[in-house]
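*Asks:* I have a structure I would like to understand better, so I am pasting it below and will then ask my questions one at a time.
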Amino acid sequence: MPRSVPISRRTLIQGIGALGVTAFHAPFLHAAEEAPNATIQFTLDRPVDAIAAPFVLAATRGLYRAENLNVALQVATGSKDTITRVAAGTTDIAVADFNALIRYRADPDALPIKAAFVLLNRAPYAVVARKSRGVISLGSLEGRTLGVAEGDLTIRLWPSLAKRNGIKLSAVKQEKISPAVREPMLSAGQVDAVTGFSYLSAVNLRDRGVPADDLAVFRFAEFGCAAYGLAVIVNPKFAAARPDVVKRFVRAITEGTRQTIREPDRAIDAVMTQMDGGTRELELLRLKIAIGDNILTDDVKRDGLGGIDAARFDASLSAIAEDFTFRKRPTAADVFDTAFLPDADGRKVD
């Protein structure tokens, strides 16, 4: 297992925010008075960037501390890695793509890992293309070359999306590429489009000098994809033995997400202190895209943060089934545990 890495240049075990605990809601103060101290091993699926803002704020603004939680952070190399770590028990809680978890759970030998909180209510899967390469609509991908990075999750939902939108899969050439050259190859015109996350590839291309008006971003959610995105998953033994600790963690990150939505500029200021490299302008753009497209959706405005809808979940399974065979089709309760979520009022976005 890769060695643990700190969330910042400083050791960040408890969030010690400049605002102090008194700046937050009474439930957090009440929890701090009554809850026993607990340590959590927590793993992000990638190095800290804008999308980690809710977790950064939970640390730097004292939300973990208010719940009497010591959160030790590790960084993994993707959802497959975080799921493996949670299954092995080397981390208690982690961030992973919800659809990767669904596929993992389809293995009869898989541990009963469940998600406890969905951060990205809409998956960020997208095809990002250059208009100057002739890709001006989803249908115009026919006859073009689509760059697909190794381990890319977006391409797993592409067969369903293509079928739903009348696109011949055989008419779109796929070229396997390294993740490291995805944006450079599109920037150089070596491929016509790439699959990826809308808030990653599209923003990275702008950073490489590709004009915004030359980019076409086809977000799967806008073409009928019902999939959820990144979620917080929990080791089943840890969840069974320490359910109150999981609840307190989810409560802290729910508040961290609410604060991120309310004040993205200030959230990015906190994120930038924890990043090695990156620019504030691009990370703020990345976060605002994610909030608008993936976090603060109509479902979240109606139902609150963190949960899933059973009917929509079932629709997402149908899309997964286009390139994956389920031995037994799961229910929402098989992969998502609602017991750790705050009540409805605690999840509403102001």
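*Asks:* Return the only residue of VAL203, VAL194, VAL234 being modelled with pLDDT under 95 and β-branched (Val, Ile, Thr).
*Replies:* VAL203
*Asks:* Something else now. So is ASP293 more than 18 Å from PRO47 (Cβ to Cβ), touching a helix residue (DSSP H, G or I) at 6+ places or on another chain (Cβ under 8 Å) and open to solvent by 40 Å² or more (accessible area, probe 1.4 Å) or not?
*Replies:* Values: more than 18 Å from PRO47 (Cβ to Cβ): yes; touching a helix residue (DSSP H, G or I) at 6+ places or on another chain (Cβ under 8 Å): yes; open to solvent by 40 Å² or more (accessible area, probe 1.4 Å): yes.
It is true that ASP293 is more than 18 Å from PRO47 (Cβ to Cβ), touching a helix residue (DSSP H, G or I) at 6+ places or on another chain (Cβ under 8 Å) and open to solvent by 40 Å² or more (accessible area, probe 1.4 Å).
*Asks:* While we're on this one: Does any residue of segment 317-327 turn out to be more than 25 Å from PRO236 (Cα to Cα) and either within 18 Å of the chain's Cα centre (by Cα) or open to solvent by less than 20 Å² (accessible area, probe 1.4 Å) (or both)?
*Replies:* yes
*Asks:* Taking the condition of being of a type in the set (S, T, N, Q) and loosely packed, with under 13 Cβ neighbours inside 10 Å, how many residues in segment 141-178 meet it?
*Replies:* So the count comes out to 2.
*Asks:* If you go through segment 191-227, how many residues are small (Gly, Ala, Ser) and under 17 Å from LEU146 (Cα atoms)?
*Replies:* 6
*Asks:* Considering only segment 180-194, how many residues are closer than 22 Å to ALA123 by Cα and surrounded by fewer than 15 Cβ atoms within 10 Å (Cβ to Cβ)?
*Replies:* Summing the residues that are closer than 22 Å to ALA123 by Cα and surrounded by fewer than 15 Cβ atoms within 10 Å (Cβ to Cβ) in segment 180-194 gives 1.
*Asks:* Moving on. Quick check on segment 132-149. Is at least one of its residues in contact with a Phe, Trp or Tyr (Cβ under 7 Å, 6 or more places away or on another chain), assigned to a strand (DSSP E or B) and among the β-branched types (Val, Ile, Thr)?
*Replies:* no
*Asks:* Quick check: is even one residue across segment 221-228 of a type in the set (A, V, I, L, M), out of contact with any strand residue (DSSP E or B) (no Cβ under 9 Å at 6 or more places or on another chain) and within 30 Å of VAL349 (Cα to Cα)?
*Replies:* Filtering segment 221-228 down to residues of a type in the set (A, V, I, L, M) leaves 221, 226-227.
Add one more test, that the residue is out of contact with any strand residue (DSSP E or B) (no Cβ under 9 Å at 6 or more places or on another chain), and what stays is 226.
Adding the requirement that they be within 30 Å of VAL349 (Cα to Cα) leaves 226.
Yes: one or more hits.
*Asks:* When you look at ALA126, is it buried (at least 18 other Cβ atoms within 10 Å of the Cβ) and closer than 28 Å to ARG208 by Cβ, yes or no?
*Replies:* When the stated conditions are applied, ALA126 passes them.
*Asks:* Further question: Mind listing whichever residues of segment 226-243 are assigned to a helix (DSSP H, G or I) and in contact (Cβ under 8 Å) with a residue 60 or more places away in the chain?
*Replies:* Selection gives PRO236, LYS237, PHE238, ALA239, PRO243.
*Asks:* Report, by residue number, each residue of segment 131-152 that is within 27 Å of ASP97 (Cα to Cα) and not small (Gly, Ala, Ser).
*Replies:* Those that are within 27 Å of ASP97 (Cα to Cα) and not small (Gly, Ala, Ser): LEU138, LEU141, THR145, LEU146, VAL148, GLU150, ASP152.
*Asks:* Taking ALA129 as meeting all but one of (1) of a type in the set (Gly, Ala, Ser); (2) closer than 15 Å to GLY196 by Cα; (3) free of Cβ contacts under 8 Å to residues at least 12 places away in the same chain, write down the number of the exception.
*Replies:* Answer for ALA129: the failing condition is (3).
*Asks:* Step by step: first the residues of segment 239-268, then only those that are open to solvent by 30 Å² or more (accessible area, probe 1.4 Å) and small (Gly, Ala, Ser), then the one that is farthest from PRO112 (Cα to Cα). Which residue is that?
*Replies:* ALA241
*Asks:* Return the total of residues in segment 328-345 being open to solvent by less than 80 Å² (accessible area, probe 1.4 Å) and of a type in the set (S, T, N, Q).
*Replies:* First pass over segment 328-345, keeping only residues open to solvent by less than 80 Å² (accessible area, probe 1.4 Å): 330-337, 339-342, 344.
From the residues that got through so far, the ones that are of a type in the set (S, T, N, Q) too are 331.
Selection size over segment 328-345: 1.
*Asks:* Being assigned to a loop (DSSP other than H, G, I, E, B), hydrophobic (A, V, I, L, M, F, W, C), open to solvent by 10 Å² or more (accessible area, probe 1.4 Å) and within 28 Å of ASP299 (Cα to Cα) is the filter here, so list the residues in segment 86-118 that pass it.
*Replies:* Residue satisfying the conditions is ALA106 alone.
*Asks:* Quick one: in segment 30-70, which of the residues that are among the β-branched types (Val, Ile, Thr) and open to solvent by 10 Å² or more (accessible area, probe 1.4 Å) is farthest from ALA94 (Cα to Cα)?
*Replies:* THR60
*Asks:* Still on this structure: Looking only at segment 177-195, decide whether some residue is in contact (Cβ under 8 Å) with a residue 60 or more places away in the chain, of a type in the set (A, V, I, L, M, F, W, C) and either in contact with a Ser or Thr (Cβ under 9 Å, 6 or more places away or on another chain) or within 20 Å of LEU317 (Cα to Cα) (or both).
*Replies:* Yes, segment 177-195 contains at least one residue that is in contact (Cβ under 8 Å) with a residue 60 or more places away in the chain, of a type in the set (A, V, I, L, M, F, W, C) and either in contact with a Ser or Thr (Cβ under 9 Å, 6 or more places away or on another chain) or within 20 Å of LEU317 (Cα to Cα) (or both).
The values are calculated or read from the model by the stated rules, or taken from the named source; none is laboratory data. Note that the structure is a prediction, hence the values are computed from the model and not measured. Glycine gets a Cβ as well: all are built from the backbone with ideal geometry, and neighbour counts include every protein chain shown. Heads up: the accessible areas ignore ligands, DNA and RNA and are worked out on the full protein's heavy atoms, side chains in. Shrake-Rupley method; radii C 1.70, N 1.55, O 1.52, S 1.80 Å.
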